[in-house]
Amino acid sequence: MPAERKEGMKERYNIAIHIFTNDLRLEDNEAFAFACNHADTVLPVYMPPAHWNDQHPLGFPRVGTARKNWLEETLYDLQQNLIERGSNLLRMDTCDVETLRIWVQDYGISLITIADSFAQEEKDLIDSLRSLPAKVMTFETSCLLSVEDLPFAVQDLPLVFTTFRKQVEKNWTVRAPLHVPAIPPLPAIPALHFPVPGLKEETQERHPFSAFPFQGGERHALIHLRQYIFERKLIATYKETRNGLLGTEYSSKFSPWLATGAISARTIYAQVRRFEEAEGANASTYWLIFELLWRDYFKWLTARFGSRIFHASGLKEDANVTNNNPALFRKWMEGTTGQYFIDANMRELQQTGFMSNRGRQNAASYLVHDLQQDWRWGAAWFESRLIDYDVCSNYGNWLYVAGLGTDPRSDRYFNPEVQANRYDSDGAFRKLWLSEHSSTASVKS
């Protein structure tokens, strides 16, 4: 345990603030639990990222409408959960550290807890908080494995996933998820107001063809977890179905909730192990844990290499030669390249905010290897549109396909014709998304 945390555990605090970021849940949230267990009063706060309303130089928002709607549902659910437990959520309109500074100074707030982060923009927020006259404590809340339980230091992270996985699996410990803590009352700060915005009807709308019609928030995540594993037992065939394209039952669909932190990787892991104890382990139950390890690997990779994951050359010495053509890139964005398998996947993304893993690999490969465009443009478009956007997984996967990550193979090319014949042999997926009834939505939103 870090020395800062040992020291902090000895103290008692009058008023604590917990700043929710990508940990929008009450269960298995070590940062929030610490504030609740060590303070007399706790103020839960949400601040949007500083870049929340920024535009990308290519003319689209860094965070598109589908992502914003998904977050809105998640925050609504979080606020309702807090209200039911006698607390509330203070939602700030901007990333406003200076207002926090005033509160800390005027009301004697002595502790701020926040989830630790792997990406630089989020680290910048934590650095800003450390300038406040209060103790700031960070907790890693997004990984399956705690950094203290890794069999190596982060700077010695193996550069090949298989090596990482084998070292971890030799003697690994996944900590049990934490229960929801007893939440102390809100502090008596007169300036605080807690509006409870209702969900707009358009926020909850789902495209009729969407493979992800589910709602955001912790309660919905836990319902889906229970149904997927124990009621429908879909986990038993996860490995065989994970490369599907149509319907709600291929793959686990946990990623959008994981991205906002509405559920933790440890909570999912614990339920998979519980299923194995009751029903027996098989290749599918192992493979879901395998994918959680991939997710961890991309996070620790970001921790090791920092902003290099955003560089044109990625983790290699030299960048691939690209011919950046905005008009060609726009055709890829809109799903009008003329390569029907790619176009169908891109239209699904554009209209629903979701795309299968198989679709993502093919779309990324086509942009990088067939169209020879800058992989970072594609990563930025996925950042804008995907409701399950996670900075580490997104950029880690794009580097993987572009041959600029740690993959020992330098060319992860997916032939779209071969892939379409294998995964959409009857053409049902292409027909669904390329029909005149699935009209193309504007890429500006």
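The values are calculated or read from the model by the stated rules, or taken from the named source; none is laboratory data. In this text the structure is predicted, and so the values were computed from the model without any measurement. Note that we place each Cβ from the backbone using ideal geometry, even for glycine, and neighbour counts take in every protein chain shown.
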For this session: Please verify whether the range 245-252 includes one or more residues that are among the acidic types (Asp, Glu) and in contact with a Ser or Thr (Cβ under 8 Å, 6 or more places away or on another chain).
Result: yes
Exercise. Restricting attention to the range 117-172, which residues are part of a helix (DSSP H, G or I) and of a type in the set (S, T, N, Q)?
Worked result: Gln120, Ser128, Gln155, Thr162, Thr163, Gln167
Exercise. Quick one: in the range 263-322, which of the residues that are of a type in the set (Ser, Thr, Tyr) and in a loop (DSSP other than H, G, I, E, B) is surrounded by the most Cβ atoms within 10 Å (Cβ to Cβ)?
Worked result: Ser264
Exercise. Applying the selection to the range 49-66, what residues are in contact (Cβ under 8 Å) with a residue 12 or more places away in the chain and either in contact with a helix residue (DSSP H, G or I) (Cβ under 7 Å, 6 or more places away or on another chain) or part of a strand (DSSP E or B) (or both)?
Worked result: Pro49, Ala50, His51, His56, Leu58, Phe60, Pro61, Arg62, Val63, Gly64, Ala66
Seminar exercise, completed: Residue count, the range 85-103, condition of a type outside the set (Lys, Arg), within 20 Å of Ala188 (Cβ to Cβ) and either surrounded by fewer than 19 Cβ atoms within 10 Å (Cβ to Cβ) or within 27 Å of the chain's Cα centre (by Cα) (or both), comes to 9
Seminar exercise, completed: Residue hits (the range 125-150; surrounded by 14 or more Cβ atoms within 10 Å (Cβ to Cβ) and more than 20 Å from Ala33 (Cβ to Cβ)) are Leu125, Ser128, Leu132, Leu150
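Conditions (1) touching a Leu at 6+ places or on another chain (Cβ under 7 Å); (2) under 24 Å from Glu27 (Cβ atoms); (3) among the basic types (Lys, Arg), marked per residue:
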| position | (1), (2), (3) |
| --- | --- |
| Ile229 | no, yes, no |
| Ile235 | yes, yes, no |
| Lys239 | no, no, yes |
| Gly247 | no, no, no |
| Ala262 | yes, yes, no |
| Gly280 | no, no, no |
| Ala283 | no, no, no |
| Leu288 | no, yes, no |
| Glu291 | no, yes, no |
Problem set entry | Test: Arg376 is in contact with a Phe, Trp or Tyr (Cβ under 9 Å, 6 or more places away or on another chain), in a helix (DSSP H, G or I) and over 15 Å from Asn325 (Cα atoms) | no
Problem set entry | Filter result (outside any loop (DSSP other than H, G, I, E, B) and of a type in the set (Lys, Arg)) within the range 84-105 | Arg91, Arg101
Exercise. Which residues, counting only those in the range 386-431, are aliphatic (A, V, I, L, M), modelled with pLDDT under 95 and assigned to a loop (DSSP other than H, G, I, E, B)?
Worked result: Leu404
Problem set entry | From the options Leu58, Leu24, Leu43, residue that is crowded, with 21+ Cβ neighbours inside 10 Å, under 26 Å from Thr352 (Cα atoms) and not assigned by TED's automatic domain parsing to the domain that holds Met333 | Leu24
Exercise. Among Asp374, Asp370, Asp388, which is the only one that is surrounded by fewer than 24 Cβ atoms within 10 Å (Cβ to Cβ), charged (D, E, K, R) and within 15 Å of the chain's Cα centre (by Cα)?
Worked result: Asp388
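Here's the yes/no breakdown for (1) modelled with pLDDT of 95 or more; (2) in contact with a strand residue (DSSP E or B) (Cβ under 8 Å, 6 or more places away or on another chain); (3) buried (at least 16 other Cβ atoms within 10 Å of the Cβ); (4) assigned by TED's automatic domain parsing to the domain that holds Thr74:
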residue	(1), (2), (3), (4)
Val180	yes, no, yes, no
Pro184	yes, yes, yes, no
Ala191	no, no, no, no
Pro195	no, yes, no, no
Glu201	no, no, no, no
His220	yes, no, yes, no
His224	yes, no, yes, no
Ile229	yes, no, yes, no
Tyr250	no, no, yes, no
Problem set entry | Matching option when the condition is in contact (Cβ under 8 Å) with a residue 24 or more places away in the chain and either part of a loop (DSSP other than H, G, I, E, B) or more than 23 Å from the chain's Cα centre (by Cα) (or both), among Ile229, Ile183 | Ile183
Seminar exercise, completed: The correct count of residues that are aromatic (Phe, Trp, Tyr) and not in a helix (DSSP H, G or I) in the range 18-48 is 2
